[in-house]
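All remarks here apply to the structure that follows.
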Amino acid sequence: MDAITNLLKIISDFVAELIRSVLGFSPLLAELVTMGIAAVVLITFAALSFMGLTYVERKVVARIQDRLGPNQAGPFGLLQPLADGIKMFTKEDTTPATADRWVYNAAPLVIAVFALATYAVIPFAPGVVGTNLNVGVFYVLAIGSGSIVAILMAGWGSNNKYALLGAFRTVAQLIGYEVPMLLNVLTVVLVTGSMSLIDIINHQTLADGNPGIPHILMLPLPALVFLISGIAETGRSPFDLLEAESEIVAGFHTEYSGMKFALFFLGEYVNALAVSFVFSTLFLGGYAGPILPPYVWILLKAALVFFVFMWLRGTLPRVRIDQMHALNWKFLVPMSTVNLVLVMLVLKLFPTSESAAQAFGGLLVTPWVQTIILAAVNLGVLFTALTLAARAARRFRQAEEEMIMRRRAANLAAAKA
Amino acid sequence: MRTDFAFVGVMIVSAALLMGVTLLAASFLRPKKPNTAKLSTYECGMETVGDTWVQFRVNYYILALVFVLFDIEAILLFPIAVAFNALPLFAVLNVVLFILVLLAALLYAWRKGALDWE
């Protein structure tokens, strides 16, 4: 039982020990080789899950839309990702004659590398993590904005009008949705008091290793906004304005084909999966869970979040670009900022630790009471924001209707005269 | 601490190597028969007219400036959030004031129409 629970930890310790015994003459070299192997394992995991996810996503979205999805290659179309891979490998790759060659060729590599680098800090089980950075969350957000650079490189380097337009739109979208993401990760850091992903999981776990209070109960609003901005950050439907076919062909990767296109695709999926992992870690308690081993729990939670992504993609139509910006700047950002302030005040006024209550005043409460207060404040902010937005939308609609009526009356008068 | 970040470096280097090898392998496997039509810029079958690298409208950069404002705010707030439990109430009220000033700035930008697309 114990061996199954700690399977990943035992294997990684065994490999590390093996390398240390073989390369005993140089501890530095042994350490580097161990790190290299861990990195290759993580990258392989990400690449393989990318292949699997393309198949699963096509199947799920097909079912939602009452289609069959891939069903020709192998049983149930299971070999479809392999067939796609072979096709990508052997497809001719054209570089436009007018392209900025260096930038054009580097862009897919940059996006894939930044996407894969996120996996360095994701904890899969106790003790099984690439590296436990003390600024883990910050690292995820920082490395996540690397894809903005890559997309701008692709759009600029292609020397194509659609590509450049797509890149400009994408950059506006990605930088915009980074703001609510940052603000809501900030609330989790506030509650936890640490930026390390391991500490954040430990905060949601009881001392005996069983799951405690997941942050989604404590901070339902940040969880929701993080999910929305996560979808927008990875450019998935309904926020897939970066590749709105009806408007700008395929956006920033219009000119790419073959393996370079595949790397863009890989970047997108690997990023989306990374967001699911980070969401599970920040809000769903990470690898903590009863009965099943921890690595199964984190995979299940990430799969659940990714399923929500697929579900939304199959259900919602693409939003208009001005609506997308309005949702971000006029709804999510003000709401998140107000929520951040209120969370700060609640944490100070209702502390859970005795020392904090004695030092700075405030009412000492149990963790569950604090959770309920925080959740109530969160939901209150959400409800108020939704009411205000609904009222504004109604005013806007009425003004538009009045304008139409006035124009119609004027037309009638003109026709009579 | 040092080794923590060393892994990030190893990760980036190995990711770049693996992806580079994939690109290189594909370049050996794929056919390569370029011609002028194939290498022309894609534009729905028409010849592309004029320069692609044009100036973008200024509103776009104002939006980017608002983003920079909030990004810097978040960077300033992250250390505060980590040390939050040790902060006295007075310091917290200062932080709240700081955030509210930013919120006022956002409302000003909103009023001025900087947040409208098109």
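Values quoted throughout were computed directly from the atomic coordinates according to the rules given, and no laboratory measurement underlies them. Computed from a predicted structure; not experimentally measured. Every residue, glycine among them, receives a Cβ derived from its backbone with ideal geometry; neighbour counts consider all protein chains shown.
For the reader, a short list of remarks on this structure follows.
- Fully extended contour minus Cα-Cα distance, from A:Leu29 to A:Ile291, at 0.36 nm per residue: 90.4 nm
- Residue order, fewest to most beta carbons within 10 Å, for A:Trp156, A:Trp311: A:Trp311, A:Trp156
- For chain A, the membrane-span-like helices by this rule, meaning whole DSSP H stretches whose C-alpha atoms cover at least 27 Å of axis and whose Kyte-Doolittle mean is -0.5 or above, are A:27-64, A:161-192, A:258-283, A:294-315, A:367-416; this says nothing about an actual membrane.
- This model, with +1 at the C-beta of Lys and Arg and -1 at the C-beta of Asp and Glu, gives the protein assembly as shown a dipole about its Cα centre of some 1340 debye.
- Distance between the 7 Å Cα→Cβ label points at A:Asp13 and A:Ser257: 5.4 nm.
- With Cα atoms defining each centre, segment A:1-40 and segment B:96-111 are spaced 51 Å apart in the structure.
- Exercise: per-residue mean of other protein chain Cβ atoms within 10 Å, B:81-94: 6
- Pairs of Cα atoms farther than 36 Å apart, the protein assembly as shown, %: 40
- Loop-located trypsin sites (Lys or Arg not before Pro) in segment B:54-118 (DSSP state not H, G, I, E or B) with no more than 16 neighbouring Cβ atoms inside 10 Å: B:Arg57, B:Lys112.
- Of all the options A:Leu316, A:Leu183, A:Leu164, the one that moves most in a Gaussian network model of chain A with Cα springs shorter than 10 angstrom is A:Leu316.
- For peptides A:392-398, A:46-52, A:219-225, A:3-9, sequence by mean Cβ density within 10 Å, most packed first: A:219-225, A:46-52, A:3-9, A:392-398
- Between the listed residues B:Phe28, B:Leu93, B:Leu39, the Cα displaced farthest toward the positive end of the dipole of segment B:2-111, a dipole computed from Cβ unit charges relative to the Cα centre, is found at B:Phe28.
- Fewest-first sequence of B:Thr36, A:Thr205 by Cβ atoms within 10 Å of each Cβ: B:Thr36, A:Thr205
- Across peptide A:255-265, the mean count of Cβ atoms from other chains lying within 10 Å of each residue's own Cβ comes to 2.
- Taking chymotrypsin sites (Phe, Trp or Tyr not before Pro) across segment B:55-116, the ones in a DSSP loop with at most 15 further Cβ atoms lying within 10 angstrom of their Cβ are B:Phe56.
- Put in line by how crowded their Cβ is, counting other Cβ atoms within 10 Å and starting with the fewest, A:Ile86, A:Ile321 read A:Ile86, A:Ile321.
- The protection proxy used here, the mean number of other Cβ atoms lying within 10 Å of each residue, ranks peptides A:326-335, A:375-384 as follows, highest first: A:326-335, A:375-384.
- Straight Cα distances below 26 angstrom link A:Lys9 to the lysines A:Lys301, with same-chain residues fewer than 8 positions distant left out.
- For residues of B:69-78, the mean tally of beta carbons on other chains within 10 Å: 5
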